[in-house]
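Down below is the structure, laid out as structure tokens.
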Amino acid sequence: MGNVMNILVLNDFPVCPVTHGGKVRIYNVYKNVAQKYPVKYLCFGDGESIEEKQISENFSEIKIPKQRIHRWIIKIAYKAFGRSMDDLVALYIASHNRMLNKAIERHVAKSSVIILSHPYMYPAVKPFLKDQFVIYEAHNVEYSLKKSFLSGSALSRVILNRLWSVEKTLVNHCDICFTTSGNDKQTICSQYGVEPSKIIVAPNGVNPEIYPSKFEAGQFEEEKVTPSPLVVFLGSGHYPNVEAARIISQEIAPKMPDVYFLICGSVCWSVQDETRPKNVGLAYMISEDEKVELFRVADVAINPMMSGSGTNIKMLDFMAAGLPVVTTPIGARGLNIEDSVHGLICSVNEFPREIHCLLNNSELYRSISENERRVIEENYDWKKISTLMIRAIPEN
């Protein structure tokens, strides 16, 4: 395998464009890892031929076209389940893609370290593994996450059983496993019978330097862009985010007509045809620069999540911006934060009261803003997280 230690990362979706939590993690982690070791990222793409793209120095993405039957099954699965099932389709069909198999065989042979970012490509990779160091990067406990929103139909049970088997095999056969939280570590240990020493917590993170702190001199006074206080929620089209967006429109905003709620991100496409109050707006896709500016002028962020696994990168963005957040316990899961210190953690029916509390208590507002920014700088900086992960990879 040569003297240079090459890393091959496999996943079912491309990194670019960097539009949601999973992509944000992959982009930031491996851009930093690539400063020490060359990284190839192998995934499915939507083109007609193999595409290779340089993401950053020593970090490149190789996209393998989906077969016609793969695309067809994705469409059928979406109609059957009413949401994206791309990853679960890949779990079944990836190993039958000859072009992918050839690419896996070629790149595995050149690599010292194989990282499964999500478990969905593992059945396709497993036959080609020899003496490589294998890492499972568990963004979530995938079985638990999928079980939370798949119905109890016979087909759902078959799919979940397959996912449970693959994730269990991977986490038991890999050399180390990264989880994004201590909660996920505990779940994987109990669910799959894994020794805790095998699992390393590498949390999700943020680049705090992109957010000018709200509590720096001259920055803390809010710049009003709406006549009402502005409360923001950011999310991808991932089902737990869709559920949270509906809660904002149906349960929170109607009780707070004096506040304007702005829902941002690809989650908007999933709720755009649904009835919503006049004080709820949709911003759809926003750029990184637009996000930074939005957080600068917003008053409060909210995260009314009711399901999900792993940790919410949106929470880290809110906190890095010094934007006080009101969240459910599930929205705060896996983060080293304390109620009334780094945010307000409560049930959905308490959101109106807690939002008003933040808006009307400047001392509490400033305290939370300062504390959450501090905990980000100390624990959730992508550079520090990537360094932790690099140290877990053996030199030879």
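The values are calculated or read from the model by the stated rules, or taken from the named source; none is laboratory data. As the structure is a computational prediction, the values presented were derived from the model and not from experiment. Here the Cβ positions follow ideal geometry from the backbone for every residue, glycine too, while neighbour counts run over all protein chains shown.
Quick one: which of Arg71, Arg25 is over 30 Å from Asp289 (Cβ atoms) and part of a helix (DSSP H, G or I)?
Details: Arg25 fails: over 30 Å from Asp289 (Cβ atoms).
Arg71 is the lone residue from the list that is over 30 Å from Asp289 (Cβ atoms) and part of a helix (DSSP H, G or I).
For the subset of region 307-364 comprising residues that are assigned to a loop (DSSP other than H, G, I, E, B) and of a type in the set (A, V, I, L, M, F, W, C), which member is farthest from Trp382 (Cα to Cα)? Break it down into steps so the answer makes sense when it comes.
Taking region 307-364 first, the residues assigned to a loop (DSSP other than H, G, I, E, B) are 307-312, 321-324, 328-338, 340-342, 346-347, 361.
Then drop every residue that is not of a type in the set (A, V, I, L, M, F, W, C), which leaves 321, 323, 330, 332, 335, 337, 341, 346.
Details: Ala321: 15, Leu323: 19, Ile330: 22, Ala332: 18, Leu335: 15, Ile337: 18, Val341: 23, Cys346: 28 Å.
My answer is Cys346.
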Q: Answer yes or no: is there a residue in region 163-183 that is in a helix (DSSP H, G or I), farther than 24 Å from Ala124 by Cα, assigned by TED's automatic domain parsing to the domain that holds Asp131 and modelled with pLDDT under 95.
A: yes
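Given the residues Leu8, Leu88, which is the only one that is closer than 25 Å to Leu388 by Cα, in contact (Cβ under 8 Å) with a residue 60 or more places away in the chain and crowded, with 17+ Cβ neighbours inside 10 Å? Spell out how you get there, then give the answer.
Values: Leu88 fails: closer than 25 Å to Leu388 by Cα.
Within the list Leu8, Leu88, the selection yields Leu8.
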Q. What about Gly82, is it out of contact with any helix residue (DSSP H, G or I) (no Cβ under 8 Å at 6 or more places or on another chain) and under 16 Å from Tyr120 (Cβ atoms)?
A. no
**Q.** Checklist (1) over 16 Å from Val9 (Cα atoms); (2) in contact with a helix residue (DSSP H, G or I) (Cβ under 8 Å, 6 or more places away or on another chain) applied to Tyr122, failing item
**A.** (1)
**Q.** Which listed residue, of Val158, Val194, is surrounded by 15 or more Cβ atoms within 10 Å (Cβ to Cβ), outside the structural domain of Glu293 (by TED's automatic domain parsing) and either without any contact (Cβ under 8 Å) to a residue 60 or more places away in the chain or assigned to a loop (DSSP other than H, G, I, E, B) (or both)
**A.** Val194
Q) Residues of region 222-237 being modelled with pLDDT under 85 and out of contact with any Lys or Arg (no Cβ under 9 Å at 6 or more places or on another chain), which ones? A) Lys224, Val225, Thr226, Pro227
Q) Within the group Asn101, Asn140, which residue is polar (S, T, N, Q) and assigned to a helix (DSSP H, G or I)? A) Asn101
Q) Before we move on, is Val141 touching a Ser or Thr at 6+ places or on another chain (Cβ under 7 Å) and not polar (S, T, N, Q)? A) yes
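Between Ile210, Ile199, Ile286, Ile248, which is under 23 Å from Ala321 (Cα atoms), modelled with pLDDT of 95 or more and either β-branched (Val, Ile, Thr) or under 17 Å from the mean Cα position of the chain (by Cα) (or both)? Don't jump to the end; show me each part of the working.
Working: Ile210 fails: modelled with pLDDT of 95 or more; Ile199 fails: under 23 Å from Ala321 (Cα atoms); Ile286 fails: modelled with pLDDT of 95 or more.
So the residue among Ile210, Ile199, Ile286, Ile248 that is under 23 Å from Ala321 (Cα atoms), modelled with pLDDT of 95 or more and either β-branched (Val, Ile, Thr) or under 17 Å from the mean Cα position of the chain (by Cα) (or both) is Ile248.
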Q | Residue among Ser84, Ser144, Ser117 that alone is within 29 Å of Asn204 (Cα to Cα), in the same structural domain as Val39 (by TED's automatic domain parsing), of a type in the set (S, T, N, Q) and modelled with pLDDT of 95 or more | A | Ser117
Q: Might you check whether a residue that is surrounded by 14 or more Cβ atoms within 10 Å (Cβ to Cβ), touching a residue at least 24 places away in the same chain (Cβ under 8 Å) and assigned to a helix (DSSP H, G or I) occurs anywhere in region 39-58?
A: no
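For the condition β-branched (Val, Ile, Thr) and either assigned to a strand (DSSP E or B) or surrounded by 24 or more Cβ atoms within 10 Å (Cβ to Cβ) (or both), what is the one hit in Ile385, Ile390, Ile376?
On the way: Ile385 fails: either assigned to a strand (DSSP E or B) or surrounded by 24 or more Cβ atoms within 10 Å (Cβ to Cβ) (or both); Ile390 fails: either assigned to a strand (DSSP E or B) or surrounded by 24 or more Cβ atoms within 10 Å (Cβ to Cβ) (or both).
Unique residue meeting the criteria: Ile376.
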Q) Out of the residues in region 251-271 that are in contact with a Gly (Cβ under 8 Å, 6 or more places away or on another chain) and without any contact (Cβ under 8 Å) to a residue 60 or more places away in the chain, which is farthest from His20 (Cα to Cα)? A) Tyr260
Q.
For region 341-367, give me the residue count where each residue is buried (at least 21 other Cβ atoms within 10 Å of the Cβ), in contact (Cβ under 8 Å) with a residue 40 or more places away in the chain and either within 24 Å of the chain's Cα centre (by Cα) or under 30 Å from Ile115 (Cα atoms) (or both).
A. 1
Q: Consider Glu395 carefully, then state whether it is out of contact with any Cys (no Cβ under 7 Å at 6 or more places or on another chain), charged (D, E, K, R), modelled with pLDDT under 95 and not in a helix (DSSP H, G or I).
A: yes
Q) Can you name the residue in region 108-119 that is in contact with a helix residue (DSSP H, G or I) (Cβ under 9 Å, 6 or more places away or on another chain) and over 11 Å from Val166 (Cβ atoms) and is also surrounded by the fewest Cβ atoms within 10 Å (Cβ to Cβ) among such residues? A) Ala109
Q: From (1) of a type outside the set (A, V, I, L, M); (2) over 21 Å from His238 (Cβ atoms); (3) assigned to a helix (DSSP H, G or I), pick out the condition that doesn't hold for Ser111.
A: (3)
